[in-house]
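Asker: I'd like to ask some things about the structure below.
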Amino acid sequence: MLSSSQITFREKTLADPHEAADSPRRPEREALLQARIKDLKLHLKGTALERYIHQLYAELEARGISFRPECYLSDQWGCPSGVPVIGLPFYLADPRLHSLEAELGGEAETEHEILMYLRHEAGHAFNYAYRLYDTDEWRKIFGDYSKPYHDDFKPRPFSRKYVVHISGWYAQKHPDEDFAETFAVWLTPGMDWGKRYAGWGALKKLQYVDEVIQRVGRAPPLVQLAERDLDVEDMEETVLDHYRQRQLEERVELSLREHLDQDLQGLFEPPDTAPASAETLIRAERQSLIQSVTRYSGVGRPVVVALVDHLLERTTTLRLAIHLDKTREYLTKLTSLVTALAMNYLYTDRFFEVD
């Protein structure tokens, strides 16, 4: 939670991406933004990312799997469909780019998250390497691999038919993701999945992974393709253009106008009646609020970002205030409001009903 001494924040946006969020313009940063990604000569060898990949390989070996998925740098996390290779975001290979991701992308993966995503992508790669998705046994447990993907899928929060790994109930997105998430949980060191998922429908999926590894874990892969979706060496765009394009793709336009003003006025104090601005509090907690609501509601991050930013803009316009000794109360109420709105959106495609 936020203490009164922590209420400091400067918004990080792409409104002026040439200007650092918390320091004067720096020539090195400017040069990095203007560089073509392919010209940065990024590589895995000798990086922290390479160490994480070797840790993944060690985990696979420890669980009886000889398969080692090839890893390469790309524009985002992913496995080309049907191809047993793993693409990792290019910015993870350079600490300067990792910092830019945190600043311009809104958040950057921690070491723990990188390993989580590697285990997930290894699940895809293993599925493709042994063509498990083509078997009747796999289809009976996970569903139809050819089912279309939908970015706006509607998860069922806290469903026990699926494991919980990547935030946002990601296993529910598609049968292929269900398997990858199940594999990741099964692979995670120290995870007593039998105990953790006792009584869950997801347990039979974990048992399937365990059984199939015993059968094919030491066998040569059936698929040995190494085709890549987009290699970092082919990325012609500049670092700046990469983030501008991402912002355009992720932008969600909301037409909420003043409909939530009354809720905000009931949550915070009227103008000039308290020593601090509510705007400062929301700015300070913006990322934490977005991450928490996205994780537990299953609503897409772009939608939650747009909602929180709308509330921030209206709070600023209304000049609402706060008492510093009541920050915990304000944050509890604000989180409840955003979560309720997000869940309304999840189930009705609207934040609220308009007469």
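Read-outs: derived from the displayed coordinates by stated rules, not from any lab. Computed from a predicted model, the values in this text were never measured in an experiment. Positions of Cβ are backbone-derived with ideal geometry, glycine not excepted, and every protein chain shown enters the neighbour counts.
Asker: Which of rounded, prolate or oblate describes the range 81-197 when judged by the alpha-carbon gyration tensor and an a/c cut-off of 1.5?
Answerer: Here the range 81-197 falls in the prolate category.
Asker: Return the distance in nm (one decimal) between the two label points of a simple spin-label model at residue 251 and residue 195, each offset 7 Å from Cα along Cα→Cβ.
Answerer: Modelled inter-label distance: 5.1 nm.
Asker: Next question, about the same structure. For the range 322-351, list residues with backbone N below 19 Å from a point placed 7 Å from the Cα of residue 291 toward its Cβ?
Answerer: Residues 328, 331-332, 334-336, 338-339 qualify, since their backbone N sits under 19 Å from the label point.
Asker: State, as an integer percentage, the relative contact order of the chain based on alpha-carbon contacts under 8 Å between residues 6 or more apart.
Answerer: Taking the mean separation of contacting Cα pairs over the length of the chain, I get 21 percent.
Asker: Sticking with this structure for a sec: For the chain, find the longest principal axis of its Cα atoms and tell me its angle to the long axis of helix 278-297, 0 to 90°, nearest 10.
Answerer: For helix 278-297, the angle is close to 30 degrees.
Asker: Straight-line reach from residue 195: which aspartates and glutamates have Cα under 16 Å away, leaving out those fewer than 8 places along the same chain?
Answerer: 210
Asker: Give, as ranges by residue number, the residues of the range 317-355 whose backbone N falls under 20 Å from the point 7 Å along Cα→Cβ of residue 259.
Answerer: Under cut-off, by backbone N: 317-318, 334-355.
Asker: Let me ask another. Take residue 38 and residue 323, extend 7 Å from each Cα along the Cα→Cβ direction, and tell me the distance between the two endpoints in nm.
Answerer: That separation, rounded to one decimal, is 6.2 nm.
Asker: Could the peptides 63-75, 161-173 be put in order, highest first, of the mean number of other beta-carbon atoms found within 10 Å of their residues?
Answerer: Listed from highest to lowest mean packing, they are 161-173, 63-75.
Asker: Place the peptides 215-226, 296-307, 107-118 in order of packing, highest mean first, counting for every residue the other Cβ atoms within 10 Å and averaging per peptide.
Answerer: 296-307, 107-118, 215-226
Asker: Between the DSSP loop rule and a limit of at most 10 other Cβ atoms within 10 Å, which GluC sites (Glu not before Pro) in the range 181-280 are left?
Answerer: 227, 236, 253, 258
Asker: Kindly rank 134-145, 46-57 from highest to lowest mean number of other beta carbons found within 10 Å of each residue.
Answerer: Per-residue Cβ counts within 10 Å, averaged per peptide and sorted highest first, yield 46-57, 134-145.
Asker: Let me ask another. On a 0 to 90° scale, report how tilted helix 48-62 is relative to the longest principal axis of the chain, with both axes built from alpha carbons and the result rounded to the nearest 10.
Answerer: For 48-62 against the chain, the angle is about 50 degrees.
Asker: Now for a separate question. Subtracting the Cα-Cα distance from 0.36 nm times the residue separation, let me have the gained length for residue 113 to residue 353 in nm, one decimal.
Answerer: 82.7 nm
Asker: Please say if the range 218-336 is rounded, prolate or oblate, where rounded means a/c under 1.5 for a ≥ b ≥ c the square roots of the C-alpha gyration tensor eigenvalues, and otherwise the choice is prolate for a/b larger than b/c and oblate otherwise?
Answerer: Prolate, because a/c is 1.5 or more and a/b exceeds b/c.
Asker: Oh, and also: Can you compute the FRET efficiency between residue 274 and residue 28 using 1/(1 + (r/R0)^6), with r the Cβ-Cβ distance and R0 = 51 Å? Round to the nearest 0.05.
Answerer: The pair residue 274/residue 28 has a calculated efficiency of 0.75.
Asker: Please list the non-local residues whose amide H lies under 5 Å from the amide H of residue 165, H modeled 1.01 Å from N, same-chain partners needing a gap of 5 or more.
Answerer: Excluding prolines and chain starts, which carry no amide H, the hits are 170, 171.
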